[in-house]
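Everything on this sheet refers to the single structure shown next.
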Amino acid sequence: MTAAQRVLITGGASGIGLGLARRFAARGDIVALCDADAAAVSAAAKELPNSLARTADVRDEAQMATFLDEVESAWGGVDVVCANAGTGGPAGLIEDLEYQAWQDCIAVNLHGAFLTCRWAARLMRAQGSGLIVVTSSTSGQWGHPLRSPYASAKWGLIGLTKTLAMELGPVGVRVNAICPGAVEGDRMDRVVEMEAAAAGRPEQDVRDQYVSGVSMRTWVTVDDLADTVLFLASPAASKISGQIIAVDGHTETNAP
Ligand code: NAD
(Lines give C-alpha, C1' and ligand atoms only; values in the text may rest on other atoms or scores of the structure.)
Protein backbone atom coordinates (compact mmCIF):
# COMPACT_ATOMS: atom_id res chain seq x y z
CA MET A 1 0.00 0.00 0.00
CA THR A 2 1.50 3.32 -1.12
CA ALA A 3 1.09 6.38 1.13
CA ALA A 4 -1.36 9.02 -0.15
CA GLN A 5 0.27 11.36 -2.64
CA ARG A 6 -0.43 15.04 -3.28
CA VAL A 7 -1.30 15.28 -6.98
CA LEU A 8 -1.80 18.44 -9.03
CA ILE A 9 -3.35 18.28 -12.50
CA THR A 10 -3.80 21.10 -15.01
CA GLY A 11 -6.66 20.85 -17.49
CA GLY A 12 -8.13 18.57 -14.85
CA ALA A 13 -11.83 19.24 -15.30
CA SER A 14 -12.47 17.10 -18.37
CA GLY A 15 -11.05 14.41 -20.63
CA ILE A 16 -7.70 12.89 -19.67
CA GLY A 17 -7.13 15.33 -16.78
CA LEU A 18 -10.45 14.48 -15.15
CA GLY A 19 -9.77 10.79 -15.73
CA LEU A 20 -6.46 11.17 -13.89
CA ALA A 21 -8.14 13.12 -11.06
CA ARG A 22 -10.78 10.40 -10.67
CA ARG A 23 -8.25 7.58 -10.57
CA PHE A 24 -5.88 9.28 -8.12
CA ALA A 25 -8.82 10.32 -5.88
CA ALA A 26 -10.27 6.79 -5.99
CA ARG A 27 -7.12 5.35 -4.48
CA GLY A 28 -7.07 7.93 -1.68
CA ASP A 29 -4.63 10.49 -3.07
CA ILE A 30 -5.09 14.21 -2.48
CA VAL A 31 -5.93 16.04 -5.70
CA ALA A 32 -5.78 19.66 -6.83
CA LEU A 33 -6.87 20.57 -10.31
CA CYS A 34 -7.22 23.71 -12.36
CA ASP A 35 -8.96 24.31 -15.64
CA ALA A 36 -9.92 27.33 -17.75
CA ASP A 37 -13.52 26.09 -18.09
CA ALA A 38 -15.37 27.35 -15.00
CA ALA A 39 -18.48 25.19 -15.56
CA ALA A 40 -16.36 22.05 -15.91
CA VAL A 41 -14.45 23.01 -12.74
CA SER A 42 -17.67 23.28 -10.75
CA ALA A 43 -18.86 19.90 -12.04
CA ALA A 44 -15.49 18.34 -11.13
CA ALA A 45 -15.62 19.94 -7.67
CA LYS A 46 -19.05 18.38 -7.09
CA GLU A 47 -17.91 14.98 -8.29
CA LEU A 48 -14.66 15.08 -6.30
CA PRO A 49 -15.63 17.00 -3.14
CA ASN A 50 -12.29 16.39 -1.41
CA SER A 51 -10.31 17.93 -4.23
CA LEU A 52 -9.13 21.52 -4.52
CA ALA A 53 -10.62 22.54 -7.89
CA ARG A 54 -10.04 26.05 -9.22
CA THR A 55 -10.62 27.98 -12.41
CA ALA A 56 -7.27 29.11 -13.80
CA ASP A 57 -5.84 29.55 -17.28
CA VAL A 58 -2.44 27.91 -17.59
CA ARG A 59 -1.26 30.76 -19.84
CA ASP A 60 -1.94 33.39 -17.21
CA GLU A 61 0.93 33.88 -14.81
CA ALA A 62 -1.18 35.71 -12.20
CA GLN A 63 -4.03 33.17 -12.25
CA MET A 64 -1.60 30.30 -12.00
CA ALA A 65 0.28 31.98 -9.15
CA THR A 66 -2.98 32.32 -7.20
CA PHE A 67 -3.82 28.64 -7.75
CA LEU A 68 -0.32 27.31 -7.11
CA ASP A 69 0.20 29.49 -4.02
CA GLU A 70 -3.06 28.16 -2.59
CA VAL A 71 -1.98 24.57 -3.17
CA GLU A 72 1.45 25.23 -1.70
CA SER A 73 -0.06 26.83 1.41
CA ALA A 74 -2.50 23.93 1.84
CA TRP A 75 -0.03 21.10 1.22
CA GLY A 76 3.45 22.49 1.85
CA GLY A 77 4.78 20.42 -1.07
CA VAL A 78 3.62 18.23 -3.95
CA ASP A 79 4.37 14.65 -5.03
CA VAL A 80 2.97 14.40 -8.57
CA VAL A 81 2.36 17.20 -11.06
CA CYS A 82 0.58 16.47 -14.33
CA ALA A 83 1.14 19.32 -16.80
CA ASN A 84 -1.77 18.18 -18.91
CA ALA A 85 -3.77 21.20 -20.13
CA GLY A 86 -3.78 21.46 -23.88
CA THR A 87 -5.73 22.55 -26.89
CA GLY A 88 -5.80 21.15 -30.41
CA GLY A 89 -5.20 24.50 -32.10
CA PRO A 90 -6.25 25.22 -35.68
CA ALA A 91 -6.27 22.81 -38.64
CA GLY A 92 -4.95 23.86 -42.03
CA LEU A 93 -1.89 24.19 -44.22
CA ILE A 94 0.62 26.57 -42.66
CA GLU A 95 0.10 29.14 -45.41
CA ASP A 96 -3.56 29.37 -44.41
CA LEU A 97 -3.07 29.71 -40.65
CA GLU A 98 -3.46 32.94 -38.68
CA TYR A 99 -0.48 33.96 -36.55
CA GLN A 100 -2.80 34.54 -33.58
CA ALA A 101 -4.10 30.94 -33.77
CA TRP A 102 -0.48 29.68 -33.86
CA GLN A 103 0.38 31.78 -30.81
CA ASP A 104 -2.71 30.67 -28.85
CA CYS A 105 -1.94 26.99 -29.46
CA ILE A 106 1.72 27.33 -28.45
CA ALA A 107 0.72 29.39 -25.40
CA VAL A 108 -1.72 26.85 -23.94
CA ASN A 109 0.29 23.73 -24.71
CA LEU A 110 3.86 24.94 -24.14
CA HIS A 111 3.89 28.18 -22.14
CA GLY A 112 1.30 26.76 -19.74
CA ALA A 113 3.54 23.78 -19.05
CA PHE A 114 6.43 26.15 -18.33
CA LEU A 115 4.53 27.93 -15.55
CA THR A 116 3.36 24.63 -14.04
CA CYS A 117 6.75 22.90 -14.26
CA ARG A 118 8.65 25.91 -12.91
CA TRP A 119 6.55 25.80 -9.75
CA ALA A 120 6.81 22.02 -9.47
CA ALA A 121 10.59 22.09 -9.96
CA ARG A 122 11.11 24.63 -7.18
CA LEU A 123 9.09 22.62 -4.65
CA MET A 124 10.40 19.22 -5.72
CA ARG A 125 14.04 20.35 -5.72
CA ALA A 126 13.58 21.54 -2.12
CA GLN A 127 11.92 18.22 -1.17
CA GLY A 128 14.41 16.07 -3.06
CA SER A 129 11.55 14.02 -4.51
CA GLY A 130 8.63 14.19 -6.91
CA LEU A 131 7.32 13.25 -10.32
CA ILE A 132 6.33 15.53 -13.20
CA VAL A 133 4.29 14.03 -16.05
CA VAL A 134 3.90 16.21 -19.13
CA THR A 135 1.12 15.40 -21.61
CA SER A 136 2.65 15.59 -25.08
CA SER A 137 1.18 13.66 -28.03
CA THR A 138 2.19 11.28 -30.79
CA SER A 139 2.00 14.49 -32.88
CA GLY A 140 5.04 15.62 -30.88
CA GLN A 141 6.97 12.54 -32.01
CA TRP A 142 5.85 12.31 -35.59
CA GLY A 143 4.64 15.69 -36.80
CA HIS A 144 1.03 16.05 -37.91
CA PRO A 145 -0.05 17.37 -41.33
CA LEU A 146 -2.53 20.30 -41.06
CA ARG A 147 -1.72 20.71 -37.36
CA SER A 148 1.68 22.43 -37.39
CA PRO A 149 1.09 24.59 -34.27
CA TYR A 150 -0.04 21.60 -32.22
CA ALA A 151 2.77 19.31 -33.39
CA SER A 152 5.33 22.06 -32.73
CA ALA A 153 4.05 22.72 -29.22
CA LYS A 154 3.92 19.01 -28.37
CA TRP A 155 7.44 18.51 -29.82
CA GLY A 156 8.57 21.41 -27.62
CA LEU A 157 7.17 19.62 -24.58
CA ILE A 158 9.45 16.68 -25.30
CA GLY A 159 12.45 19.05 -25.20
CA LEU A 160 11.13 20.44 -21.91
CA THR A 161 10.69 16.94 -20.46
CA LYS A 162 14.17 15.73 -21.45
CA THR A 163 15.79 18.90 -20.12
CA LEU A 164 13.92 18.93 -16.80
CA ALA A 165 14.77 15.27 -16.29
CA MET A 166 18.45 16.29 -16.59
CA GLU A 167 18.09 19.33 -14.33
CA LEU A 168 16.11 17.54 -11.62
CA GLY A 169 17.43 13.98 -11.80
CA PRO A 170 20.41 14.72 -9.54
CA VAL A 171 18.05 15.73 -6.71
CA GLY A 172 15.82 12.67 -7.07
CA VAL A 173 12.98 14.19 -9.11
CA ARG A 174 11.64 12.27 -12.11
CA VAL A 175 10.21 13.88 -15.26
CA ASN A 176 8.47 11.93 -18.04
CA ALA A 177 6.11 12.68 -20.91
CA ILE A 178 3.15 10.65 -22.07
CA CYS A 179 2.16 10.74 -25.72
CA PRO A 180 -1.47 9.74 -26.16
CA GLY A 181 -2.61 8.52 -29.55
CA ALA A 182 -6.16 9.37 -30.58
CA VAL A 183 -8.26 9.17 -27.40
CA GLU A 184 -11.91 8.17 -27.58
CA GLY A 185 -14.08 11.08 -26.48
CA ASP A 186 -15.42 14.56 -27.24
CA ARG A 187 -12.11 16.13 -28.02
CA MET A 188 -11.23 13.74 -30.86
CA ASP A 189 -14.77 14.14 -32.22
CA ARG A 190 -14.05 17.89 -32.46
CA VAL A 191 -10.58 17.29 -33.97
CA VAL A 192 -11.92 14.89 -36.63
CA GLU A 193 -14.60 17.41 -37.58
CA MET A 194 -12.02 20.23 -37.85
CA GLU A 195 -9.47 18.21 -39.86
CA ALA A 196 -12.16 16.88 -42.22
CA ALA A 197 -13.33 20.44 -42.90
CA ALA A 198 -9.74 21.68 -43.46
CA ALA A 199 -8.92 18.81 -45.85
CA GLY A 200 -12.32 18.73 -47.60
CA ARG A 201 -12.67 15.03 -46.74
CA PRO A 202 -15.50 13.04 -45.12
CA GLU A 203 -15.16 12.72 -41.34
CA GLN A 204 -15.22 8.93 -41.56
CA ASP A 205 -12.07 9.04 -43.78
CA VAL A 206 -10.21 11.07 -41.20
CA ARG A 207 -11.42 8.78 -38.40
CA ASP A 208 -10.34 5.67 -40.36
CA GLN A 209 -6.95 7.24 -41.04
CA TYR A 210 -6.29 7.63 -37.30
CA VAL A 211 -6.86 3.89 -36.90
CA SER A 212 -5.05 2.69 -40.03
CA GLY A 213 -1.82 4.49 -39.01
CA VAL A 214 -1.72 2.51 -35.75
CA SER A 215 -0.27 -1.01 -35.61
CA MET A 216 -2.90 -2.20 -33.15
CA ARG A 217 -5.66 -0.56 -35.26
CA THR A 218 -7.16 1.09 -32.22
CA TRP A 219 -7.81 4.37 -30.46
CA VAL A 220 -6.97 4.58 -26.77
CA THR A 221 -9.04 5.39 -23.71
CA VAL A 222 -8.62 7.86 -20.87
CA ASP A 223 -8.12 4.88 -18.56
CA ASP A 224 -5.23 3.62 -20.72
CA LEU A 225 -3.51 6.95 -20.03
CA ALA A 226 -4.43 6.92 -16.35
CA ASP A 227 -3.01 3.38 -15.98
CA THR A 228 0.33 4.63 -17.32
CA VAL A 229 0.43 7.73 -15.11
CA LEU A 230 -0.49 5.70 -12.01
CA PHE A 231 2.31 3.29 -12.87
CA LEU A 232 4.76 6.21 -13.20
CA ALA A 233 3.58 7.45 -9.79
CA SER A 234 4.21 4.04 -8.20
CA PRO A 235 7.38 2.66 -6.57
CA ALA A 236 7.63 0.24 -9.53
CA ALA A 237 8.66 3.21 -11.70
CA SER A 238 11.17 4.70 -9.26
CA LYS A 239 14.02 4.64 -11.81
CA ILE A 240 12.03 5.78 -14.83
CA SER A 241 12.83 9.36 -15.84
CA GLY A 242 13.42 11.33 -19.03
CA GLN A 243 11.19 8.93 -20.97
CA ILE A 244 8.73 9.78 -23.72
CA ILE A 245 6.06 7.14 -23.35
CA ALA A 246 3.57 6.71 -26.16
CA VAL A 247 0.23 5.19 -25.16
CA ASP A 248 -1.11 4.76 -28.64
CA GLY A 249 -1.19 1.15 -29.84
CA HIS A 250 2.04 2.02 -31.74
CA THR A 251 1.79 4.81 -34.26
CA GLU A 252 3.27 3.90 -37.66
CA THR A 253 2.46 7.16 -39.40
CA ASN A 254 0.55 10.38 -38.86
CA ALA A 255 0.47 11.14 -42.58
CA PRO A 256 -2.76 10.75 -44.55
P1 NAD B 1 -10.08 17.88 -23.38
O2 NAD B 1 -10.40 19.03 -24.31
O3 NAD B 1 -11.12 16.87 -23.06
O4 NAD B 1 -9.48 18.43 -22.01
C5 NAD B 1 -8.55 19.46 -21.97
C6 NAD B 1 -8.86 20.31 -20.76
O7 NAD B 1 -7.91 21.36 -20.73
C8 NAD B 1 -10.25 20.95 -20.85
O9 NAD B 1 -10.96 20.77 -19.64
C10 NAD B 1 -9.96 22.40 -21.12
O11 NAD B 1 -10.93 23.30 -20.57
C12 NAD B 1 -8.60 22.55 -20.45
N13 NAD B 1 -7.89 23.69 -20.96
C14 NAD B 1 -7.79 24.10 -22.25
N15 NAD B 1 -7.10 25.23 -22.31
C16 NAD B 1 -6.75 25.55 -21.04
C17 NAD B 1 -6.03 26.62 -20.46
N18 NAD B 1 -5.56 27.61 -21.21
N19 NAD B 1 -5.85 26.63 -19.12
C20 NAD B 1 -6.37 25.64 -18.35
N21 NAD B 1 -7.06 24.62 -18.84
C22 NAD B 1 -7.26 24.57 -20.18
O23 NAD B 1 -8.83 17.17 -24.05
P24 NAD B 1 -7.97 15.92 -23.55
O25 NAD B 1 -8.01 14.92 -24.60
O26 NAD B 1 -8.32 15.53 -22.17
O27 NAD B 1 -6.52 16.60 -23.58
C28 NAD B 1 -5.65 16.56 -22.46
C29 NAD B 1 -4.23 16.62 -22.98
O30 NAD B 1 -3.97 15.46 -23.78
C31 NAD B 1 -3.94 17.81 -23.87
O32 NAD B 1 -2.65 18.33 -23.59
C33 NAD B 1 -4.00 17.23 -25.26
O34 NAD B 1 -3.26 17.99 -26.19
C35 NAD B 1 -3.41 15.86 -25.01
N36 NAD B 1 -3.72 14.88 -26.04
C37 NAD B 1 -5.01 14.52 -26.29
C38 NAD B 1 -5.26 13.58 -27.28
C39 NAD B 1 -6.66 13.13 -27.62
O40 NAD B 1 -6.84 12.36 -28.57
N41 NAD B 1 -7.69 13.55 -26.90
C42 NAD B 1 -4.21 13.01 -28.00
C43 NAD B 1 -2.91 13.41 -27.72
C44 NAD B 1 -2.67 14.34 -26.72
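Structure data summary
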{"read-out": "Matching option when the condition is at negative phi, of a type in the set (Ser, Thr, Tyr) and out of contact with any helix residue (DSSP H, G or I) (no Cβ under 7 Å at 6 or more places or on another chain), among THR135, THR87, THR66", "value": "THR66"}
{"read-out": "Number of the condition not met by SER152 [criteria: (1) within 13 Å of the ligand (Cβ to nearest atom); (2) open to solvent by less than 10 Å² (accessible area, probe 1.4 Å)]", "value": "(2)"}
{"read-out": "The listed residue being at negative phi, within 16 Å of the ligand (Cβ to nearest atom), out of contact with any strand residue (DSSP E or B) (no Cβ under 6 Å at 6 or more places or on another chain) and touching a residue at least 24 places away in the same chain (Cβ under 8 Å), out of VAL222, VAL171, VAL183, VAL247", "value": "VAL222"}
{"read-out": "Listing of helices (runs of 4 or more DSSP H) fully contained in the stretch 1-111 that carry 3 or more residues being within 15 Å of the ligand (Cβ to nearest atom) and touching a residue at least 60 places away in the same chain (Cβ under 8 Å)", "value": "15-26"}
{"read-out": "Those helices (runs of 4 or more DSSP H) lying entirely in the stretch 128-237 with at least 3 residues within 28 Å of VAL81 (Cα to Cα)", "value": "139-142, 148-168, 186-199, 222-232"}
{"read-out": "Residues satisfying the stated conditions in the stretch 107-121, i.e. aliphatic (A, V, I, L, M) and open to solvent by less than 10 Å² (accessible area, probe 1.4 Å)", "value": "ALA113, ALA120"}
{"read-out": "Test: ARG125 is farther than 19 Å from GLY17 by Cα, part of a strand (DSSP E or B) and in contact with a helix residue (DSSP H, G or I) (Cβ under 9 Å, 6 or more places away or on another chain)", "value": "no"}
{"read-out": "Test result for ASP104, crowded, with 20+ Cβ neighbours inside 10 Å and either touching a Ser or Thr at 6+ places or on another chain (Cβ under 9 Å) or closer than 18 Å to VAL133 by Cβ (or both)", "value": "no"}
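The values are calculated or read from the model by the stated rules, or taken from the named source; none is laboratory data. Fair warning: this is a prediction, and the values are worked out from it, not measured in the lab. So basically every Cβ, Gly included, is an ideal-geometry build from the backbone, and we count neighbours across all protein chains shown. Remember, those area values only see protein heavy atoms, side chains included, never the ligands or the DNA or RNA. Shrake-Rupley method; radii C 1.70, N 1.55, O 1.52, S 1.80 Å.
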